[in-house]
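The block underneath contains the structure these notes are about, expressed in structure tokens.
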Amino acid sequence: MSLDFLVGFTIFMLALIMVVSMVPGLLAGLESSGIDYDAVAYRTGVILVEDPGWPVYPPWEMNDLAHKDEIQRIGLAVSKETPNILLSTKVERFFDNSFFDPEDYRSKVIFGDIPYSYNFSLLSEDGTSYNNRTGSPIPPGHGYIRRVVKIKEPGVAEIDGSFASQYTAPSSNQEFIVRLDFGQLLNPSVGAAYRIDPRTEPVNVTITGFDEYLNETAPAPTNATLRTVTFWKKDPTRPIPQFTKIPFSYSTTDSSLYTLTIDGNPYDLTPDAEVFDDISLVLKPAATSLFTLDQNSILDIRFNLGDPPPRPNIFGIHDYDYNMTTVPRPDLKAGVLEVAIW
């Protein structure tokens, strides 16, 4: 046996050993080429609970159907500084199946070139406040992620009979004002999870126990009349700041902008209707976005209850602020967000 043959055979065997040792790695690459659904679910969960979405302001959830294409990314977080704390208005829009279709969820939440199927759910700890779900039934072999979250809800300025001593005074004006000072509300020293931001969440005002505000002079009235609700704004940084009435479709009912009820019945903002028990106004972010307000603005919501002769004695200014007596803020609600992808 020649030396050349031995050298050649040795080189051949070494090469064969190297090739054989590489085969498992090549096969492993083929085996791992499948989709990692858990990774996709994890990425989607991160986007939902740690990102507020885009655009941020005006926030994406304020877009109507005509402007849905302007939503680039859906996120549920109050802000990037508040991971795992969701905003209730974003949650409400996200689970609105009449607004989003399956392709919207794929292109604005899941992303990627593959048409994934999905199932998103949110259940609050109390089991009743939030029980939302959207998507298809979950099959075996899906990717899954579960995130513990908290949900921020707006406060309500409930002005009941206990405030009567502050706001009861004979006046020919008969105008009651709820005032929002944006310079105070949007102060960055207040954490985003607890900040009152009328640009992203509803302003809720309820006046109850109305009999406490009526003129007791005989003959004592049993009701009052709400003539109008109007919005006024002021920029205190101007040389001579003064309130100006905001142009608005006051006589048009639009539940996407506001709701006004008197004793449980819906009205527009020029109701001219009798009030026996309560007035409730919800001013939505879509409306405040039309008011061209900034961080210095002051917004007045003015309830005109004029009656000749005066029947109500309600008069004054109620600050919509961080005083827990004037605007109680609900605790953050605990819940679980689940994401399934396949």
Checking Ala192 against (1) under 20 Å from Met62 (Cβ atoms); (2) in contact with a Leu (Cβ under 9 Å, 6 or more places away or on another chain), the condition it does not meet
(2)
Restricting to helices (runs of 4 or more DSSP H) lying wholly in region 102-220: which have 2 or more residues that are of a type in the set (A, V, I, L, M, F, W, C) and within 20 Å of the chain's Cα centre (by Cα)?
182-185
Working carefully through the options Glu175, Glu125, Glu212, find the one that is touching a helix residue (DSSP H, G or I) at 6+ places or on another chain (Cβ under 7 Å) and either modelled with pLDDT under 95 or small (Gly, Ala, Ser) (or both).
Glu212
Checking the structure you have, find out if any residue of region 51-66 is more than 17 Å from Arg199 (Cβ to Cβ), out of contact with any Asp or Glu (no Cβ under 9 Å at 6 or more places or on another chain) and modelled with pLDDT of 95 or more.
yes
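So that you can scan it fast, the table gives a plain yes or no per residue for (1) in a strand (DSSP E or B); (2) in contact (Cβ under 8 Å) with a residue 12 or more places away in the chain; (3) touching a His at 6+ places or on another chain (Cβ under 6 Å); (4) under 30 Å from Val78 (Cα atoms):
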| site | (1), (2), (3), (4) |
| --- | --- |
| Pro239 | no, no, no, no |
| Asp254 | no, no, no, yes |
| Gln295 | no, yes, no, yes |
| Asp321 | no, yes, no, yes |
| Arg329 | no, yes, no, yes |
| Ala334 | yes, yes, no, yes |
Within the set of pairs 6 or more residues apart or between chains, which connect a residue that is of a type outside the set (A, V, I, L, M, F, W, C) and buried (at least 21 other Cβ atoms within 10 Å of the Cβ) inside region 35-49 to a residue that is in a helix (DSSP H, G or I) and modelled with pLDDT of 95 or more with Cβ atoms less than 9 Å apart?
Thr44/Val109; Thr44/Ile110
Among the listed residues Ser289, Ser280, identify the single one that is polar (S, T, N, Q), under 28 Å from the mean Cα position of the chain (by Cα) and modelled with pLDDT of 95 or more.
Ser280
Is there a residue in region 78-87 that is among the aliphatic types (A, V, I, L, M) and part of a loop (DSSP other than H, G, I, E, B)?
yes
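The values are calculated or read from the model by the stated rules, or taken from the named source; none is laboratory data. The shown structure was predicted, so the numbers you read here are calculated from the model rather than taken from an experiment. Reconstructed Cβ throughout: ideal geometry from the backbone, glycine too, with neighbour counts over all protein chains shown.
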